[in-house]
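Nothing in this text is a laboratory measurement; each read-out follows from the coordinates by a stated rule. This structure is a prediction, so every number in the text was calculated from the model and none was measured. FYI the Cβ positions are ideal-geometry reconstructions off the backbone, even for glycines, and counts take in every protein chain you see.
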Amino acid sequence: MRPSASFPLTTPAPSPFHSRVKKAIVIPSYRAAKTLPSVLPRIPAAFWHDGIAIIVNDQSPDQTGAVAEGLKSDWPGLEVVHHKVNQGYGGAQKTGLRRGLALGAEVFAIVHSDGQYAPEVVLDLMEPILSGRSHIVQGSRMIAGGAREGGMPLVRYLPNRILTFLENIVFGTRMAEFHSGYMLYSRHLLERAPFEKLQNNYNFDAEMIVLAHLLGLECAQLPIPTRYDDEVSSLKPIPYGINVLKMMARHLGGHYRGLLAAHTTGHFQNTTAQSSSTAP
């Protein structure tokens, strides 16, 4: 295997395009050199009128970074950020979300670099947030039987159902599944939820659902088409399942309520300090 190119973690310079950014798609990318080029053309053309896609190359050992850079010439609304050190799936999301917030985006979608979750429906999934009906949306594989029809292996389907059953009991939610990676967030939620304090692994998505639930913002669930190809996922099922159980234990111990309380206190203190500094 050829070594990957070395890229700095940089913030791209502003351009006139950025003044009209309303929507952001974050694409965490690891070992995605073969699949990335096919993902962007599947995003609806209407998205690019006021949307930006942010590819986060998570120090991939293949040519993901170079491929992503090469795509910029064909997609003016594309930015690429390169991690110097691998930060994990959740860490890559955080980088992309931070960049989208800095650009002023109001709605954020997480699209996977392998194309497993259909980019074609991203605008449909954004609609509940853009219309003000929701602040968090999940594209669900379990609604309307999409998972099994799309080829989800039984060895992944059954653990998904069992873990979701337990999570709904522990968290007090009513999710058809907790483990879809097709997630969308509003700017309002990201500013209220301490997402930077969440895990950098694959539990980031579920933790965001938990934080939103504790804030009184229930997750809208919309059915999505799903397909399973031969691409190898970097998710390791057994460690992932163990981390899910640990996440439930942390919730029962008050961890996520504590994160929200600390975040709210810090926000209040910052607001008070800013008000005092501008007072006559």
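For Arg257 and Asn168 in the same chain, what is the full-extension length gain: residue separation times 0.36 nm, less their Cα-Cα distance, in nm? Display every interim value, and only then the final one.
Working: separation 89, 0.36 × 89 = 32.04 nm, distance 1.68 nm.
Going from the current span to full extension adds 30.4 nm.
Within straight cross-link reach of Lys84, meaning Cα distance under 16 Å, which aspartates and glutamates are found once same-chain residues fewer than 8 apart are removed?
Partners within reach: Asp58, Asp62, Glu69.
Quick one: what does P(r) look like for region 12-101 with 10 Å bins over all Cα pairs, in whole %?
17, 53, 28, 2
When DSSP assigns beta bridges and you keep just the ones with both residues in region 16-267, what percent turn out antiparallel, to the nearest 5? Let's see the in-between values first.
Working: 7 of 27 bridges.
If we restrict to bridges inside region 16-267, about 25 percent are antiparallel.
For region 16-267, what does the convex hull of the Cα positions come to per residue, in cubic angstrom? Numbers along the way, then the final one.
Details: hull volume 31.6 nm³, N = 252.
Each residue corresponds to 125 Å³ of Cα convex hull volume.
Report the rotationally averaged projected area of region 109-214 based on its alpha-carbon convex hull, in square nanometres.
Values: hull surface 28.6 nm².
So the mean shadow area of the Cα hull is 7.1 nm².
Going by C-beta contacts inside 10 Å, put Phe165, Phe195 in order with the fewest on the left. Display every interim value, and only then the final one.
Details: Phe165 12, Phe195 21.
Going from sparsest to densest Cβ surroundings: Phe165, Phe195.
Ranked from highest to lowest mean number of other Cβ atoms within 10 Å per residue, what is the order of the peptides 207-218, 34-45?
The most tightly packed comes first, giving 207-218, 34-45.
With the crude spin-label approximation of a point 7 Å out along Cα→Cβ, what separation in nm comes out for Leu215 versus Ile143?
2.0
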